[in-house]
Amino acid sequence: MQTAKRDCTREILREVQRRVPAGQRFLQEAFTSDHRHPVLIKLNDLQADTFYFFDELSVCAVCDAVVAWAARQAGGRLTVSYAAFGEWKAQQKRLQHIAQKFSSVRVLTIGDPRGTVAGAPGFEVRNINGSVLSKFRLALQEERRPVAFVCREVAGRGRYLGFFTCDPVTVDELADDVELIARGLSRRMATFERLQMLHQTTQQVTRELESYARRMELAIRRAERRPDLLTPARFERIVRQSIAKMEQLKEIPRRALRTLGR
């Protein structure tokens with residue numbers, strides 16, 4: 001299973017690289033443990049199930065790469081979204097051409113889709129204008145060799161937060177969220193929100209631990225140089241600070257869980 005996921009990741013990243021100019025093959029990791037400087041990652045070093053910031057070019061490249069990879073696997077259900085109706089029109093012939101490789105194809109786009117795919121069996125075009133899905137870009141294949149790329153627009157137009165995955169459970173959960181929203185039964189991409197909160201919380205705890213570890217190392221070096229300064233009172237204060245820090249760290253995931261509960 002892990003080998004299949006690694007192969008999926010490598011193949012998709014090769015597809016992405018072919019679609020992105022050489023000078024733009026870097027993405028910023030979203031929830032890095034290094035809080036002093038942005039961490040830029042080469043495209044071929046991206047990890048599945050990790051959040052990154054994407055620009056419009058890289059979003060289109062990853063979506064196209066996922067669709068191309070999924071078409072080569074053949075089978076399953078493909079769902080792909082477009083941020084503007086004109087973009088879907090530009091991709092219409094290509095998608096209709098490869099639609100025979102899937103059990104069904106669903107296109108989510110902004111605008112009135114009537115008359116765009118007359119009589120195409122297993123081909124659905126749905127207007128998501130006004131839906132929470134209009135803020136997302138995604139390409140998702142269910143069932144056979146599941147894969148998904150999903151990102152949400154942040155900080156104004158042209159910047160997106162998201163990830164890709166080859167994990168079957170995550171793909172199924174994302175597909176369920178899309179189905180519920182498309183049917184008007186939900187207004188949230190709950191799986192995306194949960195994973196985003198999980199990654200943010202994990203990285204926040206990591207940063208706090210790294211910061212506190214550096215301070216403790218400094219205190220230990222000072223004590224080694226001047227052991228006479230490590231009085232019982234100072235030692236007790238360090239212990240109390242350590243206990244307080246652990247309580248603060250426990251509160252971070254608790255706060256995240258309360259946020260998800262709302």
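The values are calculated or read from the model by the stated rules, or taken from the named source; none is laboratory data. All figures in this text were calculated on a predicted structure; none of them were measured in a lab. Virtual Cβ from ideal backbone geometry, glycine too; neighbours counted across all protein chains shown.
Quick look at the values:
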| quantity | calculated |
| --- | --- |
| Residue within the range 58-67 that is more than 23 Å from Ser131 (Cα to Cα), surrounded by fewer than 13 Cβ atoms within 10 Å (Cβ to Cβ) and modelled with pLDDT of 90 or more present | no |
| Selection from the range 119-172 of residues that are more than 24 Å from Leu57 (Cα to Cα) and part of a strand (DSSP E or B) | Phe123, Glu124, Glu142 |
| Cβ pairs under 6 Å, 6+ apart, first in the range 36-62 and in the same structural domain as Leu161 (by TED's automatic domain parsing) and on the phi > 0 side of the Ramachandran plot, second of a type in the set (S, T, N, Q) and surrounded by 13 or more Cβ atoms within 10 Å (Cβ to Cβ) | Asp49/Thr165 |
| Hits in the range 69-108 (condition: over 20 Å from Asp172 (Cα atoms) and either in contact (Cβ under 8 Å) with a residue 40 or more places away in the chain or in a loop (DSSP other than H, G, I, E, B) (or both)) | Tyr82, Ala83, Ala84 |
| Selection status of Val178, assigned by TED's automatic domain parsing to the domain that holds Arg126 and closer than 22 Å to Asp7 by Cα | no |
| Odd one out for Val169, checked against (1) closer than 20 Å to Thr9 by Cβ; (2) crowded, with 17+ Cβ neighbours inside 10 Å; (3) hydrophobic (A, V, I, L, M, F, W, C) | (2) |
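Conditions tested, residue by residue: (1) modelled with pLDDT under 95; (2) in contact with a helix residue (DSSP H, G or I) (Cβ under 9 Å, 6 or more places away or on another chain).
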residue: Glu142; (1), (2): yes, yes
residue: Pro146; (1), (2): yes, yes
residue: Val150; (1), (2): no, yes
residue: Glu153; (1), (2): yes, yes
residue: Arg159; (1), (2): yes, yes
residue: Thr165; (1), (2): yes, yes
residue: Val169; (1), (2): yes, no
residue: Leu180; (1), (2): yes, yes
